[in-house]
Structure formats: structure tokens, C-alpha cells
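The values are calculated or read from the model by the stated rules, or taken from the named source; none is laboratory data. All figures in this text were calculated on a predicted structure; none of them were measured in a lab. All Cβ positions, even for glycine, are placed from backbone atoms using ideal geometry, and neighbour counts span all protein chains on display.
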Amino acid sequence: MIRVIVADDHPVVLAGVKAVLERQEDIRVVGEASNGHELVDLLKRQPCDVIITDFSMPGSDEREATASHRHGDGLPLIALLASRYTQVPVIVQTMVNNVGVLRTLQNKGVLGLADKRSAMGELVHAVRAVMQRKPFMSTSLRERFEQSERESPTETTNQPSPREMEVFRLYVSGLSVTQIAERLSRSVKTVSTQKRQAMKKLGLNHDRDMVSYAREHGII
């Protein structure tokens, strides 16, 4: 039996993932979490074979996240999972299509990258692949990688870095620059610069443009 723990801040998504996976005779969802803090706490007491987690869970308690718990979601959460649960393969569900961020997830040890816009049935294939320690990537994300490889070096260089995109994501999720600095253990000046650089590279002039971009690209 393959034991799976699922984390997502949308109850409908949690229910859908559980329903799809448990149609398989050999897969069982043994735990659910609605944010990064719940996921980490759950993993302390519930063994599992595969972790499926959303990349962005802004529904987390940001006050707690910016205090002693810095693994709320995004790259900090993935880094923690990769370092603490090295034997448990991780599948990240996301609507982010920034190749730099996706490559960073792979470099942190994420075996599965699943596009939330794709059919949920893909998760069954993802679970079976990572259980064999084989990488899995949704077709749409693979096509995005291939597109990036065809782009000129200038176009690729002008994409925001993973650190800049993490600041961007947290800002459009509702955190202030000061809160982001505290959460990521960076200076306010550094975060402000990374926010500004992300906006410049994406051709955005105002904060309201950031929110529009984030919605259009599935970041929030």
C-alpha cells in the first residue's frame, strides 16, 4: 500500500486529490494538511511514502509564519521537506510556470512537478513514478521547459531569479516587505531590491500590475 499525505489550502482540491488517488486499490491518503505548518506537524506523527503539496499556500497563518515558523510554504517549505524527509519523494502541485522556480524545485530534490491546471488523474502517474524514484513532470510544464530552451539567452537572463520570484509571490499574497524580510531572513533593503528587480524583468510598473500578473499566471 502506498501511503500519501496531501497538503493544499483549498478544501475542494484536497477532496479531489483524495478521491482520485483512492480509486486505486494500492494508494491511500493517510493525512491531509491545509498549510505548511500543519504538514510539518503531521509528518512528525504520520509515516508516509509520498508527499503531495501545493507550492503556494497563502492561506497559512502569516503571523505564525513570520515568527518562529519560517517554513510556511513555497521554497522554504520545500527546502525543509527535502532536508528532513530525504527518503520520502515529494510531488509539488503548482500553477507557477517560471522555469527558474521549477528548476530550483528540482535542484532541491523534488521528484514530481504537477501542473494544477492539468487533469487530476496525472497525480496517479506521478505517485507511481516517484515511488520508483523516477522524475515526473506534467506535459504542460515539460513544454514550458522546452520553450525556455528555445528562447534566446537574453530572454532567459531577463527572467526573475527564484529568489526574486519568491519575494514577488509573497508580496502578492499579502505580506509587506518588512514581513517578507523577516520570514526569509533577509534585510528589508534586499527584499525591496528583489521586488523591484522582479517587477522590472516582468515589465510591471505598479503594485496593482503585480497582482494582475500573479492572477494571470496562477501565482495566486
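Data table
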{"read-out": "Failed condition for Val172, given (1) closer than 27 Å to Met120 by Cα; (2) at pLDDT below 90; (3) not assigned by TED's automatic domain parsing to the domain that holds Ser118", "value": "(2)"}
{"read-out": "Residue in region 102-116 that is under 28 Å from Val191 (Cα atoms), over 16 Å from the mean Cα position of the chain (by Cα) and not aliphatic (A, V, I, L, M) present", "value": "no"}
{"read-out": "Selected residue [out of contact with any Cys (no Cβ under 9 Å at 6 or more places or on another chain), within 21 Å of Leu202 (Cβ to Cβ) and in the same structural domain as Ala82 (by TED's automatic domain parsing)] from Arg103, Arg128", "value": "Arg103"}
{"read-out": "Region 84-98: number of residues that are over 18 Å from Asp41 (Cα atoms), in a loop (DSSP other than H, G, I, E, B) and touching a helix residue (DSSP H, G or I) at 6+ places or on another chain (Cβ under 9 Å)", "value": "3"}
{"read-out": "Condition broken by Ala198, with the remaining ones in (1) in contact with a Pro (Cβ under 6 Å, 6 or more places away or on another chain); (2) aliphatic (A, V, I, L, M); (3) in the same structural domain as Val90 (by TED's automatic domain parsing) satisfied", "value": "(3)"}
{"read-out": "Top-ranked residue in region 155-190 [being part of a loop (DSSP other than H, G, I, E, B) and surrounded by fewer than 19 Cβ atoms within 10 Å (Cβ to Cβ); ranked as farthest from the chain's Cα centre (by Cα)]", "value": "Ser187"}
{"read-out": "Of all residues in region 129-152 being free of Cβ contacts under 8 Å to residues at least 40 places away in the same chain and among the basic types (Lys, Arg), the one that is farthest from Ile5 (Cα to Cα)", "value": "Arg150"}
{"read-out": "Hey, Met199 in contact with a strand residue (DSSP E or B) (Cβ under 6 Å, 6 or more places away or on another chain) and modelled with pLDDT of 90 or more or not", "value": "no"}
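Residue by residue, here is whether (1) part of a loop (DSSP other than H, G, I, E, B); (2) modelled with pLDDT of 90 or more holds:
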| residue | (1), (2) |
| --- | --- |
| Ala15 | no, yes |
| Ala19 | no, yes |
| Val29 | no, yes |
| Glu32 | no, yes |
| Lys44 | no, yes |
| Ser60 | yes, no |
| Glu64 | no, no |
| Pro76 | no, no |
